[in-house]
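The next block holds one structure in the form of C-alpha cells; read it before the comments.
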Amino acid sequence: MFGIGKKRDREIEAALDELRQADTVAFGGVGIAGTVLPVTEAYRRVEAALADDPEGVREQLDRLLAKGTPAGRVYAATLLERVDPSAAWAAWTALGGDPAEFGTFTGCVMGRTTLREYVAEHLPRG
C-alpha cells in the first residue's frame with residue numbers, strides 16, 4: 001500500500017478513513033482541557049507519513065479531496081500544501097466555491113462554516 005510497513009500502512013489507512021468521514025476541523029487541542037480529537041490525531045498521523053512516503057500519501061490525498069466530507073477536504077488540501085503547493089492552490093481554489101458546511105474547533109471555540117467561508121479566511125493570498 002504505502003510501502004512503510006504493514007502495521008504502519010494499516011494505521012495510515014485508518015487515519016485516512018477518519019479524515020474521509022470528518023465532520024470537524026481542529027488542528028490542535030480543544031476545550032478547556034485541550035483534548036486532542038481523534039480526527040486531529042488522524043491528521044497528525046497522515047502528516048507524519050508524508051515524510052516517509054510522499055508519493056503514496058499524495059495519491060490518497062487526491063482521493064480524500066474527491067471523496068471526503070467537507071472537513072476531510074480541508075484536511076486534504078492542508079496536507080497537500082506540504083507535497084505539492086500548486087496542486088494545493090488548485091484544490092483550495094476549487095473548494096472556494098463550495099457552500100458545504102462543516103464544524104470547526106479553535107481552542108474552546110466551536111463553530112460552523114462553509115468551505116467557501118473557510119477558504120476566504122484561510123487561503124494565503126498569492
**Fill in**
Sparse-neighbourhood loop hits (trypsin sites (Lys or Arg not before Pro), the range 38-126; DSSP loop; Cβ within 10 Å at most 15 others) -> 125
**Item:** Antiparallel %, DSSP beta bridges [both residues in the chain], to 5
**Value:** 70
**Message:** How high is the relative contact order of the chain? Use alpha-carbon pairs under 8 Å, at least six apart in sequence, and give a whole percent.
**Reply:** 26
**Request:** Convert each backbone phi in the range 32-44 into a coupling constant with the Karplus relation 6.51 cos²θ - 1.76 cosθ + 1.60 (shift: θ = phi - 60°), then list the ³J(HN,Hα) values in order as whole Hz, x for Gly and Pro.
**Result:** 4, 7, x, 4, 8, 5, x, 5, 5, 4, 4, 4, 5
**Message:** Over the chain, what portion of Cα pair distances is larger than 26 Å, expressed as a whole percent?
**Reply:** 18
**Fill in**
Residues whose modelled amide H sits under 5 Å from the amide H of residue 37, counting only those 5 or more places away in sequence or on another chain, are 30
**Asked** What ranking of 113, 35, 69 emerges when the number of other C-beta atoms within 10 Å of each C-beta is taken as an exposure proxy, fewest first?
**Response** 35, 69, 113
**Request:** Could you work out the Rg to Rh ratio of the range 1-47, with Rh taken as the Kirkwood radius (inverse of the mean 1/r over all Cα pairs)?
**Result:** 1.05
**Prompt:** So who's got an amide H within less than 5 Å of the one on residue 123, skipping anything under 5 residues away but keeping other chains? H placed 1.01 Å off N, in plane.
**Reply:** none
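Read the figures in this text as sums done on the coordinates, not as results from a lab. Keep in mind that what you see is a predicted model, and the values were worked out from it rather than measured. We place every Cβ from the backbone using ideal geometry, glycine too, and count neighbours over all the protein chains shown.
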